[in-house]
1. What's the number of the condition residue 279 fails, among (1) in a helix (DSSP H, G or I); (2) touching a strand residue (DSSP E or B) at 6+ places or on another chain (Cβ under 9 Å)?
2. Among the listed residues 97, 112, which satisfies the condition of being under 22 Å from the mean Cα position of the chain (by Cα) and modelled with pLDDT under 95?
3. Checking residue 80 against (1) assigned to a loop (DSSP other than H, G, I, E, B); (2) assigned by TED's automatic domain parsing to the domain that holds residue 125; (3) within 27 Å of residue 240 (Cβ to Cβ): exactly one of these is not met. Which one?
4. Check 206, 183 and return the single one that is assigned to a loop (DSSP other than H, G, I, E, B) and at pLDDT 95 or above.
5. Please tell me if residue 198 is out of contact with any strand residue (DSSP E or B) (no Cβ under 8 Å at 6 or more places or on another chain), surrounded by 15 or more Cβ atoms within 10 Å (Cβ to Cβ), farther than 26 Å from residue 232 by Cα and in contact (Cβ under 8 Å) with a residue 24 or more places away in the chain.
6. How many of the residues in the stretch 98-110 are surrounded by 17 or more Cβ atoms within 10 Å (Cβ to Cβ) and within 18 Å of residue 206 (Cα to Cα)?
7. For the stretch 202-216: of the residues being surrounded by fewer than 17 Cβ atoms within 10 Å (Cβ to Cβ) and touching a residue at least 24 places away in the same chain (Cβ under 8 Å), which is nearest to residue 28 (Cα to Cα)?
């Protein structure tokens, strides 16, 4: 059974509403064979549910959010140009099935397109290049610290973080901090109004929509990022719902089920938690994916 750890419920309206939601979430989280961290916050209603929300987890591809932020911070300071032309060379290829890896040697592309590949399709070759363009892992970690994110860190290609990389992989974070990044973007309080708006646009056109996003009606705008490694599945989503925006971040670790099928325990958890939240916050508009949608995932 899953390890729940500390559970915290808060609301400006008091029980029973948040307790009912927390019970549903706690019950579902307990079904995963592994560890789970969850942060949920409805921005207008001030409803929150926290389960291991401040524990460290692998960030996986969600670490691309601070990489993107650091890139746009340099654009804001005129250290990079968003329409600058870059030259891709095959020695940059990161192992895996990346779109950028299919580019011809010496092919040109703009920084804007590189960012698109990193965020929209979660291209690792693009992300490693963006990390380099942002400065270094140390540069990005310093930026995170200055912005008040004390636990989210890049580990790979970052001096002095070998032990953390071995434990958490490319990056590490907490459900609370990852969700707070999206809240700051939504409120235009992370870099600048223009840069945060661009981040929201980039994170609003995600290719990987088969998990948490599949439990939200396609007509509803979201910003999100997904992550997955063998023993960890994760997603952070901000939903622009009709009755108020809400944000949630789910991260697992030490999953027993390390398969890559649609019904992987972690992937199923992401979909189910997202559905619980949508149906709770939007009870007049219950949603389930259309019959036959499985063939598109």
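The values are calculated or read from the model by the stated rules, or taken from the named source; none is laboratory data. All values reported here derive from a predicted model rather than from experimental measurement. FYI the Cβ positions are ideal-geometry reconstructions off the backbone, even for glycines, and counts take in every protein chain you see.
1. (2) is the only condition that residue 279 fails.
2. Numbers: 112 fails: modelled with pLDDT under 95.
Sole residue among the options that is under 22 Å from the mean Cα position of the chain (by Cα) and modelled with pLDDT under 95: 97.
3. Failing condition for residue 80: (3).
4. Selected residue: 206, the only one of 206, 183 that is assigned to a loop (DSSP other than H, G, I, E, B) and at pLDDT 95 or above.
5. Against the criterion (out of contact with any strand residue (DSSP E or B) (no Cβ under 8 Å at 6 or more places or on another chain), surrounded by 15 or more Cβ atoms within 10 Å (Cβ to Cβ), farther than 26 Å from residue 232 by Cα and in contact (Cβ under 8 Å) with a residue 24 or more places away in the chain), residue 198 qualifies.
6. 2
7. Filtering the stretch 202-216 down to residues surrounded by fewer than 17 Cβ atoms within 10 Å (Cβ to Cβ) leaves 204-205, 207, 209.
Subsequent filtering for residues that are touching a residue at least 24 places away in the same chain (Cβ under 8 Å) retains 205, 207.
Values: 205: 28, 207: 26 Å.
Filtering the stretch 202-216 for residues that are surrounded by fewer than 17 Cβ atoms within 10 Å (Cβ to Cβ) and touching a residue at least 24 places away in the same chain (Cβ under 8 Å), the one nearest to residue 28 (Cα to Cα) comes out as 207.
Conditions tested, residue by residue: (1) surrounded by fewer than 18 Cβ atoms within 10 Å (Cβ to Cβ); (2) within 14 Å of residue 39 (Cβ to Cβ); (3) modelled with pLDDT of 95 or more; (4) in contact with a helix residue (DSSP H, G or I) (Cβ under 6 Å, 6 or more places away or on another chain).
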position: 219; (1), (2), (3), (4): yes, no, yes, no
position: 227; (1), (2), (3), (4): no, no, yes, yes
position: 247; (1), (2), (3), (4): no, yes, yes, yes
position: 277; (1), (2), (3), (4): no, yes, yes, no
